[in-house]
Amino acid sequence: MNVLVVGGAGYIGSHMVRTLDRAGHGVTILDNLSVGHRNAVTAGEFIRGDIANQELVESILAEKKIDAVMHFAASALVAESVADPAKYFQNNTLGSFNLLQAMRTVGVTRIVFSSTCATYGIPDRTPITESTLQLPVNPYGDSKLSVEKMLDAFCYAYQFSSCALRYFNAAGASPDGDIGEDHTPESHLIPIVLQVALGKRDHVTIFGSDWPTRDGSCVRDFIHVDDLGNAHLLALEKLSPGISMKLNLGTGQGFSVREIIAACREVTGHPIPAIEGDRRPGDPPELVADASLAKKVLGWQPKYPDAKTIIKTAWNWHQRYPDGYAE
């Protein structure tokens, strides 16, 4: 297939580009580089632009004879979404609508969408299944859930075929060590902890020590970025006209913030000071996926199920590129 990867210069998108290329697909990348990195794109044809530019997207879809789209282009900082919700509905919801309209105009009807466990909000029980009530607690989750609903409607009315993959905590880096995770500002736990090991931060803050969990810190399900990519690849092959799938992606294992810090200390050999801070508003105490449906429907199985292995791949990349992509 010829696949258009929007947001393909970002963390997950860049790993997806490599996975598609190695699987023999033709890849075109569209990214505005607002948060992505040109140096992260290691295959395919790169085009700088925005999905808000419907005319540009239509021309790419037609000229490159695109068969399917993978959509990673979104703003993804929860706190920022609370402070500036307009940005999130503009970039995530309206941008996705423009993309879908461009696809409809050209006649491209297959799409795999990067969704999120943030659509569930604060669940009443874990592990979380796809039937868990979706009640987002921030504009980021709202903006993603809006796109899932658009996909349902487009599949019903226009015979689109879609798969929304609800990620839990993406982590790690390419085992090759040449592409990894580089955000500004960095908001993900593992790279923040590794920045302390590199001497780029004085400490890591544990936000809340009195959560109703086994050690008082939040518990999350960390999934390797290449496992996410493999699930996207399998989803691409399962797309069927008129069908809108939604699948959780996680390992089914929860690791607490304290456990992740301890694992990082072991992997890096650095003490990594940690201090306790206040809870962050809207943080669920525990988010762990039930990904059994993805395993059943896609035949998918994570290759990196344990936190220490995931951290080792991330540490390998951060050691090689302590300043990130330094663009």
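Descriptive notes on the structure:
- Any chance His203 is open to solvent by 30 Å² or more (accessible area, probe 1.4 Å) and over 30 Å from Gln159 (Cβ atoms): yes
- Criterion (open to solvent by less than 30 Å² (accessible area, probe 1.4 Å), small (Gly, Ala, Ser), on the phi > 0 side of the Ramachandran plot and in contact with a strand residue (DSSP E or B) (Cβ under 6 Å, 6 or more places away or on another chain)) met by exactly one of Gly177, Gly216, Gly172, Gly208: Gly172
- Residues located in the range 145-169, provided they are in a helix (DSSP H, G or I), open to solvent by 10 Å² or more (accessible area, probe 1.4 Å) and either touching a helix residue (DSSP H, G or I) at 6+ places or on another chain (Cβ under 8 Å) or hydroxyl-bearing (Ser, Thr, Tyr) (or both): Leu145, Ser146, Met150, Phe154, Tyr156, Tyr158
- Subset of the range 15-37 that is of a type in the set (D, E, K, R) and closer than 22 Å to Asp182 by Cα - its residue that is most open to solvent (accessible area, probe 1.4 Å): Asp21
- Asp124 vs. criteria among the acidic types (Asp, Glu) and assigned to a helix (DSSP H, G or I): no
- Every residue from the range 1-14 that is over 18 Å from Val225 (Cα atoms) and either of a type in the set (D, E, K, R) or surrounded by 24 or more Cβ atoms within 10 Å (Cβ to Cβ) (or both): Val3, Leu4
- Filtered residue count, the range 174-215, keeping only those that are aromatic (Phe, Trp, Tyr) and either part of a loop (DSSP other than H, G, I, E, B) or under 27 Å from Thr42 (Cα atoms) (or both): 1
The values are calculated or read from the model by the stated rules, or taken from the named source; none is laboratory data. Note that this is a predicted model, so its numbers are computed, not measured. No Cβ is skipped: glycine too gets one built from the backbone with ideal geometry, and neighbour counts run over all protein chains shown. Calculation scope for accessible area: heavy atoms of the full protein, side chains included, ligands and nucleic acids excluded. Shrake-Rupley method; radii C 1.70, N 1.55, O 1.52, S 1.80 Å.
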